[in-house]
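Just below is one structure, and these are the notes that go with it.
The values are calculated or read from the model by the stated rules, or taken from the named source; none is laboratory data. Bear in mind that the values here come from a model prediction, so they are computed numbers and not experimental data. Heads up, the Cβs are rebuilt from the backbone with ideal geometry, glycines too, and the neighbour counts pull from every protein chain shown.
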Amino acid sequence: MEIKELKKLCLEEIDKNRDKIIEAGRKIYTTPELGYKEVETTKTAVEFLKSLDVDVVENIAVTGCMTTINSDKQGPKVAVIGELDSVVCPEHKDSNEIGNVHCCGHNVQMGGMLGCALGIINSGVYKYLDGKINFMAVPAEECIDLEFRKSLQDSNQIKYFGGKQELVHRGTFDDVDMCMMFHALNFENDKNCVINSYTNGFIAKSITFVGKSSHAGITPNLGINAYVMSTLATNNINAQRETFKDEDKVRISTIINHGGDVVNVVPSKVTMEAMVRAATVEAMTDANKKVNRSLNAAAMALGGKVIIEDSIGFLPLATNIDMGSIFKENFIELMDGDDTRIEETLVSAGSTDFGDMSQLMPCLHPWIGGVSGALHTKDYTMSDEELAYIVPAKAMAMTLIDLLYDDSKKAKEIIEEFKPSFTKESYLNFMDENTDTHVFDYTI
């Protein structure tokens, strides 16, 4: 069957089930759940996929689910991903009783991924494709609620905070050759799509300064002020900022969680959190070394102690331009040939665990409109369900067909030309090597 006919059949199936696809996204919106807690959201995804008469693997990483199509074929495997988790924004009008709400648009992603699966499967188009497909509902993209995730680590239920990182560790992506997903975005101009994405990676840090308590009025000379250590550390970090290259987009954010107990006692313990972001793996690790030197120097200056707990958050995202070009052609077709509302590239200092996937294999991550108000804020709202849910479902399905049609020629070319930054083994080693606790003690 000709490729145009395959696309036509797929799009007709998506149009025929438009209400079902949108309803799935709406339902997920009403059950916002944080990472590794997405029980109801997983149920919605499982029910939808089972309605397509396919086998579904449940709880692939505590929560989440997936189905594999064309498992008997020999060609490349493409993973189509939707993310399950919500964020916390108590001031949003639709937040639940504990503040959870889908104001990052993951319910939109899920609706689009499920719609793509419906179009490919129900139309029978998959039979004419020369490769395998995973449709995956993946947990825990947002790097929040870390105390709960630490409890899962402590009970050996997960090794990594990020859902995609955990699935790499578990081997779920071992036979996957390329990944694709999309994300909703509020466009403040007249644009409605961004094709290629570049975002920062980051290292997360928990910091504890330990000093010595003493009466702040009578004998401050006998104390070691942990709060002063933290302020000195902040100044040290600020002094490093001009050493960072502009193109590396280094961002260092810090907060003090606990700054002391009472004002008339020299603080003996202060805790901080920090996030070190950068546009490349090399810049990220280099900046983190400078931050650790700054923290160390603060403890040294006061004769105190600092404990630094480092863990890799997410790696930088760099999407595949060739996959983006294929997606762009399909998006333009869906826009009746109008390419004036498309932007080629988004460069952001934000982060996503899809960045880790882009270091391992070719990845597609366009941003598509249909929502208004900034992501993660009380102003976020749905503005165009057709653009948010249905257009991405169609564009992703059409791109899948292009990749896997005709002996998967286009997919094989992209895979052949791609140069990964890591193998699975070197990636997991890098994660472990940069997840460490450093102690600098000058109290002895």
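Before moving on, here are some points about what is shown:
- Subset tally (residues that are assigned to a helix (DSSP H, G or I) and touching a residue at least 40 places away in the same chain (Cβ under 8 Å)) for the range 330-341: 4
- Residue within the range 141-148 that is under 17 Å from the mean Cα position of the chain (by Cα), under 22 Å from Ala388 (Cα atoms) and in the same structural domain as Leu9 (by TED's automatic domain parsing) present: yes
- Criterion (surrounded by fewer than 19 Cβ atoms within 10 Å (Cβ to Cβ) and in contact with a Ser or Thr (Cβ under 7 Å, 6 or more places away or on another chain)) met by exactly one of Gly259, Gly303, Gly313: Gly303
- Restricting attention to the range 338-382 and to residues that are of a type in the set (Asp, Glu) and surrounded by 20 or more Cβ atoms within 10 Å (Cβ to Cβ), the residue that is modelled with the highest pLDDT turns out to be Asp356.
- For Arg277: the one exception among (1) surrounded by 16 or more Cβ atoms within 10 Å (Cβ to Cβ); (2) charged (D, E, K, R); (3) in contact with a His (Cβ under 9 Å, 6 or more places away or on another chain): (3)
- Looking only at residues of the range 130-159 that are closer than 17 Å to Leu317 by Cβ and touching a Leu at 6+ places or on another chain (Cβ under 9 Å), we find that the one that is surrounded by the most Cβ atoms within 10 Å (Cβ to Cβ) is Val138.
- Candidates Lys164, Lys127, Lys132, filtered to the one that is farther than 20 Å from Val57 by Cα, in the same structural domain as Thr352 (by TED's automatic domain parsing) and of a type outside the set (A, V, I, L, M): Lys127
- Residue match in the range 99-118 (condition: in contact with an Asp or Glu (Cβ under 8 Å, 6 or more places away or on another chain) and within 24 Å of Val276 (Cα to Cα)): yes
- Looking only at the range 168-201, and only at residues there that are polar (S, T, N, Q) and in contact (Cβ under 8 Å) with a residue 12 or more places away in the chain, the one that is farthest from Thr280 (Cα to Cα): Asn192
- Whenever a residue of the range 142-161 is closer than 24 Å to Ile98 by Cα, its partners that are exposed (fewer than 15 other Cβ atoms within 10 Å of the Cβ) and not polar (S, T, N, Q), lying with C-beta atoms within less than 9 angstrom and at least six residues away or across chains, give the pairs Phe161/Lys150.
- Candidates are the residues of the range 256-266 that are under 17 Å from Ile307 (Cβ atoms) and assigned to a strand (DSSP E or B); the one that is modelled with the lowest pLDDT is Asn257.
- Some residue of the range 110-121 being under 24 Å from Ile414 (Cβ atoms), over 15 Å from the mean Cα position of the chain (by Cα) and surrounded by fewer than 24 Cβ atoms within 10 Å (Cβ to Cβ): yes
- Residue within the range 174-186 that is closer than 30 Å to Thr437 by Cβ, crowded, with 18+ Cβ neighbours inside 10 Å and within 17 Å of the chain's Cα centre (by Cα) present: no
- Scanning the range 267-312 for residues that are β-branched (Val, Ile, Thr) and part of a strand (DSSP E or B) yields Val270, Thr271, Val276, Val306, Ile307, Ile308, Ile312.
- In the set (1) of a type outside the set (Val, Ile, Thr); (2) buried (at least 24 other Cβ atoms within 10 Å of the Cβ); (3) at pLDDT 95 or above, Gly162 fails one condition alone, (3).
- Every residue from the range 193-229 that is surrounded by 22 or more Cβ atoms within 10 Å (Cβ to Cβ) and among the aromatic types (Phe, Trp, Tyr): Phe202, Phe209
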